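The structure that follows is given in the form of structure tokens.
Every read-out reported here was derived from the displayed coordinates using simple, explicitly stated rules and does not represent laboratory data. Remember, predicted model here, so these are calculated numbers, not experimental data. Neighbour counts are summed over all protein chains in view; Cβ atoms, including those assigned to glycine, are modelled from backbone coordinates with ideal geometry.
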Amino acid sequence: MNKRIPLLRQFLPQTNVLRIRPPDYIEEKEGFYLQVWGAEGYWQVVDREFRDLLKVVEQPASLKTILREHPEWAVHRRDIQVQLRGMEKAGLTGKAPRPSPPPRIENVTINLVTACNLDCHTCYVPQALRSGAKLDVKRLLDFLDELRPCFSSNATLSLLGGEPFLHPDGVVQAGLWAKRHKFACNVSTNGTIISDSLLKGLREAGLKVQVSLDGAVAGTNDAIRGPGTFQKAIGTIQRLVECGIPTTLCMVCCQENIREIPAYFRLAQKLGAGEVRFIPLKKLGNSKAGLVAPAPQYEIVKAICTELDADPGLRPMCRSDIYSIVRSMLRESSRRQTCGSGTQTLLVQADGTIYPCINTTIPDLKLGHIAGGRAPALAKGADFGRLLSVDSSAHPCYGCHVKRWCLAGCPGETLQQAGALNRPHWNCEDLKQTITYVMWRLAHEQQSSEEKVARSLI
């Protein structure tokens, strides 16, 4: 006997009165409908028949009554019950969903130094923050030990700078701490300085290394990162791969290099890198000088998807790029209120100061110091998070249909561009277009491959 049917009837009896509130956003393509409920963080792509059913249940009615009035839908009873149960669970019937647990720390970024041997046009670190400070590793590890109970089960550490390889002992010691406590840890480098002893330490610590390369050819990269940097970085990538160290190539995408995304994939394959990462340029740090221009995120994502469609074998190389991040966020219904800055992410600066994230390093946003322990920093981080909440009626994104995934964009950028945290992000429309594009792609992927995703195409 199939036990699924009684369970479905238990979840959603046919005599229950249903009422699904209308979606906040509808977009139609070739007889299919993208429907988005912003407050609930729920979306779906459905055919015309299911769209008609949802229009019926915008008014109170029982499923039994609906199927009696529309016998042509009875053959889809099971699918309808499953889909409506998911919508009920998301809170679309007015029933409050189960409250989310308090946020836990998902990532701690550590600027081991702020000094760097390069001065790249795409760097997010303002020149005013450059100094000769090196993070006290013992004090850092003591702080991480104290913070460890607050980490989520899949928390990560990111070692940045400046150029972190200017503090090789700090890189290896932090990596060993992460390995000992079973946290994933990666280090991001410009790839121009590396020693044999550091290579050995990276391998022993089990670190994943991300090498910044802002072009698929020397001319493009060197115009952004400095003469000779392309060949030096290529040499470092080859050494890392030869040593068996997991290696990622990372390109900060801007108008000057976006056309090289196809060639960048091929370069990564040729070098034996395990992953490529395409991230959008932020209007922070050196990029504010205007020597490079941001590329629309929609165009970046489309360029990535074009390559993945042409060569599906590239898909395993994309795990933390802008497309993969948006795709991952859309796979589950979410009621997140903020990007997590200060509540799920922290930055430890080279002088031990704690900030909400890498893009909010201004004095007014200081959360504390590693010498002061976790409690003051977490308390101030929670206060900062409340300022970012898209559920505040005073926030300009309060009524937006993509607010659960856009989360108002980068608060550091907004603060530096608009002078306040609660202002619309400078590329708001671009973010909306990107998110809806990926929604359609996810629905199409499921239809083509029957991959199990959160939003079914009916």
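Sort Trp43, Trp426, Trp37 so the one with the fewest other Cβ atoms within 10 Å of its own Cβ comes first.
Ascending number of Cβ neighbours within 10 Å: Trp426, Trp37, Trp43.
Ranking Thr93, Thr434 by Cβ neighbours within 10 Å, fewest first, what do you get?
Thr93, Thr434
Could you work out how far the C-alpha centroid of region 190-236 sits from that of region 400-423, in angstrom?
32
Related question: With a cut-off of at most 12 other beta carbons within 10 Å, and DSSP calling the residue loop, which GluC sites (Glu not before Pro) in region 274-362 qualify? Please list them.
Glu332
Read phi for every residue in region 21-31 and hand back ³J(HN,Hα) as whole Hz from Karplus 6.51 cos²θ - 1.76 cosθ + 1.60, θ = phi - 60°, with x for Gly and Pro.
In residue order, the calculated couplings are 5, x, x, 7, 8, 9, 9, 10, 9, 6, x Hz.
Here is a further query. Between region 302-320 and region 104-171, what's the alpha-carbon centroid distance in Å?
30
Let me ask something else about it. Determine ³J(HN,Hα), in whole Hz, for all residues of region 246-256 in sequence, where each value follows from phi through the Karplus function 6.51 cos²θ - 1.76 cosθ + 1.60 and θ = phi - 60°; x replaces Gly and Pro.
These are the phi-based 3J(HN,Hα) values: x, 10, 10, 9, 10, 10, 7, 7, 9, 4, 6 Hz.
Next up: Which of these values of semi-axes √(5λ) of the Cα gyration tensor in Å was calculated from the structure shown: (i) 33, 27, 25; (ii) 35, 26, 19; (iii) 43, 25, 21?
(iii)
Enumerate the calculated ³J(HN,Hα) couplings along region 155-167 in order (Karplus 6.51 cos²θ - 1.76 cosθ + 1.60, θ = phi - 60°), each rounded to whole Hz, writing x wherever the residue is Gly or Pro.
With the stated coefficients, region 155-167 comes to 5, 10, 10, 10, 9, 10, x, x, 9, x, 6, 6, 10 Hz.
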